[in-house]
Amino acid sequence: MDKRSKSTPSSLTDPTGRRISYLRISLTERCNLRCGYCYSPNTSDLSRNEPLTKPELYRLIEAFSHLGIDKIRFTGGEPLLRSDFVEIVEQTTKNFHVPIIGLTTNGVLLKPILPKLIGLGLNRLNISLDSLIQETFQSITGCDSLHTVLDAISMAEQSGAFPFVKVNTVVMKDINSGEINDMARWALQKKIDLRFIEYMPTQNNGWGEERFIPEDEMRQRIELDLIPVNNSGASSGPARTYQVPGYPGRLSFISAVSHKFCRDCNRLRLTSTGQLIGCLFREQKIDLKKLLRMGSSIEDISDFIQNAIAYGQFRKPYDSMVDYRPSMVAVGG
Ligand code: SAM
């Protein structure tokens, strides 16, 4: 039987009744781009910690799949900096019951390995792209790879392997905000779901009101008739999605600052050093690597995670965007 087609109800529910079915795994804190809104040279309280070994990573994926996690997304840092990335996807799709396997990448290293990843069962793909203009792309990322990224997006879109290729765009006033309408029109003509992301205040990222544009203002800049898509499905996540009649693409907004979405949060995050995070904007972490290195069994680790989520304050109810500022490059966005 195909391990990925079995259906296992999640047994992870927090005290507010939120069911958790989605795990984002950061595979590295390293990145090949230097986007100022994300990366900072003095980032991260985690980076001095030792990373998980691959056997440890697989044991944790096994524990989470037993707990009913049905979607895993690999992120980073830049996950494709791991030379063993293809192997990690292969081991995950082959050995564990996780029907949805996603990747969030900046796309720079994607094209040569994309066919292989699709063949192994990668079925969700998000590519970050903050500008269609070479100079702006370079000034945001510190890198001149715009066309490499655009080629990877085209290849992914034409493969037909993904319901939509999701493109993540962090909108910053007077940096790329003038491109909102052009980017919307570019995406709508393809099977792309362009997600305009509100710029969030994270660790050392220079966030300020003067650079922030709320979703409502972004929508006003789009000179098109936006029709809401039914967003009630579990997979819609924090994005609010719109169609435009006559176009194959879609536009979405992820608005952690102006429209908090804690009530619908169904996710956990695992860092590359084995720390489990219940909320992006909470400092509290569970050190799963320590449990592994103490010799705990998969069952013990599963019980521990389940109890922490069911009874603890690990996932605090509905109050994100507090004082704590995460390091996105360490935690994985
Ligand atoms: N390197 C990969 C990439 O570029 O997609 C994965 C890691 S990156 C941290 C994941 C996502 O986090 C990116 O899509 C980026 O847009 C988002 N992100 C990082 N810092 C952010 C911030 N301050 N506000 C909003 N989104 C942010």
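State which residue is farthest from GLY332 (Cα to Cα) when the search covers only the range 274-317 and only residues that are in contact with a helix residue (DSSP H, G or I) (Cβ under 6 Å, 6 or more places away or on another chain) and part of a loop (DSSP other than H, G, I, E, B).
Across the range 274-317, the extreme among qualifying residues is PHE314.
I'm trying to understand the selection: among the residues of the range 250-273, which are within 23 Å of THR13 (Cβ to Cβ) and outside any loop (DSSP other than H, G, I, E, B)?
Of everything in the range 250-273, those that are within 23 Å of THR13 (Cβ to Cβ) and outside any loop (DSSP other than H, G, I, E, B) turn out to be CYS262, ARG263, ASP264, ARG267, LEU268, ARG269, LEU270.
GLY333 passes all but one of (1) more than 26 Å from PRO55 (Cα to Cα); (2) buried (at least 19 other Cβ atoms within 10 Å of the Cβ); which number fails?
The number of the failed condition is (1).
For the range 82-98: of the residues being of a type outside the set (Ser, Thr, Tyr) and surrounded by fewer than 18 Cβ atoms within 10 Å (Cβ to Cβ), which is farthest from TYR22 (Cα to Cα)?
Among them, the one singled out is ASP84.
Has the range 100-110 got any residue that is modelled with pLDDT of 95 or more, within 12 Å of the ligand (Cβ to nearest atom) and touching a Gly at 6+ places or on another chain (Cβ under 7 Å)?
For the range 100-110, residues modelled with pLDDT of 95 or more, within 12 Å of the ligand (Cβ to nearest atom) and touching a Gly at 6+ places or on another chain (Cβ under 7 Å): present.
Listed here are the residues, each with its yes/no results for (1) closer than 26 Å to LEU125 by Cα; (2) at pLDDT 95 or above; (3) among the hydroxyl-bearing types (Ser, Thr, Tyr); (4) surrounded by 17 or more Cβ atoms within 10 Å (Cβ to Cβ).
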{"site": "ASN205", "(1), (2), (3), (4)": "yes, no, no, yes"}
{"site": "GLU209", "(1), (2), (3), (4)": "no, no, no, no"}
{"site": "ILE213", "(1), (2), (3), (4)": "yes, yes, no, yes"}
{"site": "ASN230", "(1), (2), (3), (4)": "yes, no, no, no"}
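Taking the range 178-206, which residues are aromatic (Phe, Trp, Tyr) and near the ligand (Cβ under 9 Å from one of its atoms)?
TYR199
Just for the range 111-132: of the residues that are within 16 Å of the ligand (Cβ to nearest atom) and within 27 Å of GLU62 (Cβ to Cβ), which one is surrounded by the most Cβ atoms within 10 Å (Cβ to Cβ)?
Across the range 111-132, the extreme among qualifying residues is LEU125.
What number of residues in the range 242-273 are in contact with a helix residue (DSSP H, G or I) (Cβ under 8 Å, 6 or more places away or on another chain) and closer than 17 Å to ARG325 by Cβ?
Residues that pass the stated criteria total 2.
ALA310 is checked against (1) modelled with pLDDT of 95 or more; (2) touching a strand residue (DSSP E or B) at 6+ places or on another chain (Cβ under 8 Å); (3) not polar (S, T, N, Q) and fails just one. What number does that condition carry?
Unmet for ALA310, out of (1) modelled with pLDDT of 95 or more; (2) touching a strand residue (DSSP E or B) at 6+ places or on another chain (Cβ under 8 Å); (3) not polar (S, T, N, Q): (1).
Can you name the condition, by its number, that CYS38 falls short on among (1) modelled with pLDDT under 90; (2) under 21 Å from the mean Cα position of the chain (by Cα)?
In the conditions (1) modelled with pLDDT under 90; (2) under 21 Å from the mean Cα position of the chain (by Cα), CYS38 misses (1) alone.
The values are calculated or read from the model by the stated rules, or taken from the named source; none is laboratory data. Bear in mind the structure is a predicted one, so any value in this text is a computation, not a measurement. A quick note on method: Cβ atoms are made from the backbone with ideal geometry, for glycine too, and the neighbour counts reach across all protein chains shown.
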